[in-house]
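Here is the structure we will look at, set down as structure tokens.
Rule-based calculations on the coordinates, nothing more; no lab input. Quick caveat: nothing in here was measured; it's all calculated off a predicted structure. All Cβ positions, glycine included, derive from the backbone under ideal geometry; neighbour counts span all protein chains shown.
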Amino acid sequence: MLRALKGYPAAVRLLLFTTFTLTMARAITLPYLVVYLSTHLGLSVGQTGLLVGGAMLLASLLSLYGGHLVDTLRSHTLIVACTLVFALAFVGIVASTSAAPFFCFLVVAYLAQTVVDIAAKAGFCALLPENRRGEVFAIKYTFNNIAWAAGPMLGVMLIEADDHLPFVVSALIGLGLSLAYYRLGERSLLGLREAGQAASFAQVGLGMLRDRRLVCFTLGGVLSAVVFGQFTAYLSQYLVVTQHDPAEVARLASYLVTTNALAVIGLQYLIGRRITRQRLMPWLMAGMAMFVAGLLGFSVAASALVWCLAMLVFTLGEIIVIPAEFMFIDLIAPEHLRGVYYGAQNLSNLGAGLGPILVGLALGHVVPVTVFYLLIGSVMLAALFYWLGTRMARQA
């Protein structure tokens, strides 16, 4: 991976550094967000979940327009502005004294990070040839997982000093990135509007709805994200119902999170760099098969070892599907609409938000183990939509 990084243009390395650091800034606040809302704003656990989940879902919907901005504005200007907005949003979060402004600032922070992420993906496609894009997507995802693994630990250390410090540090990181990218960022990547060809967002949206390949793949992404988007949340729900021992639930959950993180960090680049356009469908179906095998393993797991082995298999599916989704969007997106197509891909976060909700409802009405078979059904439907989308892409 280091050899690949050295071979990239400086602009690509800077984009990777920017997305990694901005993800780290967001991850720093993760371990204390629920406690902070409860302590400082007096929200219940249910209200906190609704606020945080709602912010993520709203930011995902707005990311479609964020993708349109990526296509129509100069990339350098947009990244500098969004990292600065990210910093200001965290300042607003610290200053908020009620739930409404906190929610608004959280949406703005999430959206700013998402737009930078979309701009980076579009930048990779503009700066690298097709045969090197799968590799850089795999590296980016590996870096993101390192950030999500290390960020919360750093956040816990900051909390011990002051309960506002994680948000302040996140704001300072955003400000530092804005200044750094202003000085060092690639200024030659022009948006569509500067080329004089820009269409309105409404026109772009109608065009995307007519692209059945994108519609099928977006539906597949939402359904697969139901399964892997927030697996820790629904697995914890299942364990709470079946284990009855909070200490045992916490222990198993920590084992599963660690197994997932180590597997992604250790294997993502090795596997992701081998995913190519020519064999996209076999890779996707292999990823779906790994999800099914992992869920079946969860359904019969009776020891920590079996849970961790099932999580390893499940994580292989995640490692395959995420870069394969990037490759598919890269395959079908018109050059002048890459941003908004990557924005549409972010709609899969809707599935991530729905997963714990659906599992929570199911656990109240069916035998607990049944939830894994319901999730397998979601995987099968996702595979069907992926197959339809890939078939249409070949015929186009």
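Plainly put, region 1-97 has a radius of gyration that is 1.06 times its Kirkwood radius, both from alpha-carbon atoms, as the Rg/Rh ratio.
By the helix-only formula, in which each DSSP H run with n ≥ 4 contributes -39500 (n - 2.57) and the sum is divided by residues, the chain has a 222 nm mean residue ellipticity of -28500 deg cm²/dmol. Sorting 316, 270 by the number of Cβ atoms found within 10 Å of their own Cβ, with the fewest placed first, yields 270, 316.
Of all segments of the chain bounded by trypsin sites (Lys or Arg not before Pro) found in a DSSP loop with no more than 14 other C-beta atoms within 10 Å, the longest spans 1-186.
Screening the chain for DSSP H helices whose Cα atoms reach 20 Å or more along their own axis and whose mean Kyte hydropathy is at least 1.6 gives 75-95, 99-127, 280-300, 304-332. Going by the alpha-carbon gyration tensor, a ≥ b ≥ c the square roots of its eigenvalues, is the chain rounded (a/c under 1.5) or, if a/c is not under 1.5, prolate (a/b greater than b/c) versus oblate? Here the chain falls in the oblate category. If you run the Gaussian network model on the chain, springs between alpha carbon atoms under 10 Å, then out of 59, 289, 225 the most flexible one is 289. The modelled label-to-label distance for the pair residue 336/residue 131, using points 7 Å beyond Cα in the direction of Cβ, is 3.0 nm. Between 29, 83, 48, the GNM of the chain built on Cα springs shorter than 10 angstrom shows 48 fluctuating the most.
The value obtained for region 7-198, namely the Cα convex hull volume divided by the number of residues, is 116 Å³ per residue.
For the chain, modelled as a GNM whose springs connect Cα atoms under 10 angstrom apart, the maximal fluctuation among 278, 230, 268 occurs at 278.
Across region 7-198, C-alpha contacts under 8 Å between residues 6 or more apart give a mean separation that, scaled by the residue count, equals a relative contact order of 43 percent.
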